[in-house]
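The values are calculated or read from the model by the stated rules, or taken from the named source; none is laboratory data. Remember, it's a predicted structure, so these values are computed and weren't measured experimentally. When we count neighbours, we look across all protein chains shown, and the Cβ atoms used for this are built from the backbone with ideal geometry, even at glycine.
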Amino acid sequence: MNIKLRENNYAFIDGANLHRGIQELGWKLDYKRFRIFLRHKYQVQRAYLFLGYLDKNVGLYRDLQNWGYTLDLKPTVRDTNQEVKGNCDAELVLRAVSEMYEGLYDKAVIVSGDGDFRCLIEFLDQRNKLEHVIAPNYTKCSILIKKAVPIRLSFLNRFKDKLKYQWALK
């Protein structure tokens, strides 16, 4: 009898890239459904969501934690254009690599289309620790990501019907 053991995969989510990518597609992501999607499709037991911290989002952070995300919140600053920046890339890479070396997960799911993560994706892939890469938006996904692991790359617009936020009428 061939029984597949339950995998212990972790997701490492670039929150700003995910939000911006979906927003540019013109729809809103249902983060609760997305967490369930990660669990069922990729056996993600822990989903790290890297975000810049804003006081006005405290309720959202509580909801995200209740839906099963582990938040990694970073202080924010304003750039020269007054855009808020959280600068979470280094934290995402460090967490993914350090927890891999500690043996805390079987494989990683990286959620971002940012080309800065190509080195992490290739690093994990070379060690057979990469499950999948999910980019929010095909047109905004870096060519560096598209070339790194084309077989294990998907785009969230493909799952729009399952993951789009639906306003609930009460």
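The table below gives the values:
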read-out: Qualifying residue in the range 152-159 (condition: touching an Asp or Glu at 6+ places or on another chain (Cβ under 7 Å), free of Cβ contacts under 8 Å to residues at least 60 places away in the same chain, within 28 Å of Tyr101 (Cα to Cα) and surrounded by fewer than 20 Cβ atoms within 10 Å (Cβ to Cβ)); value: no
read-out: Some residue of the range 81-96 being exposed (fewer than 13 other Cβ atoms within 10 Å of the Cβ), under 22 Å from Gly26 (Cα atoms) and either of a type in the set (Asp, Glu) or out of contact with any Lys or Arg (no Cβ under 9 Å at 6 or more places or on another chain) (or both); value: yes
read-out: Filter result for Leu29 (farther than 20 Å from Ala96 by Cα, touching a residue at least 24 places away in the same chain (Cβ under 8 Å) and either surrounded by 16 or more Cβ atoms within 10 Å (Cβ to Cβ) or among the polar types (S, T, N, Q) (or both)); value: yes
read-out: Failed condition for Ala108, given (1) within 16 Å of the chain's Cα centre (by Cα); (2) modelled with pLDDT under 95; value: (2)
read-out: Selection within the range 65-108 - assigned to a helix (DSSP H, G or I) and either within 15 Å of Tyr53 (Cα to Cα) or not small (Gly, Ala, Ser) (or both); value: Gln65, Asn66, Asp89, Glu91, Leu92, Val93, Leu94, Arg95, Val97, Glu99, Met100, Tyr101
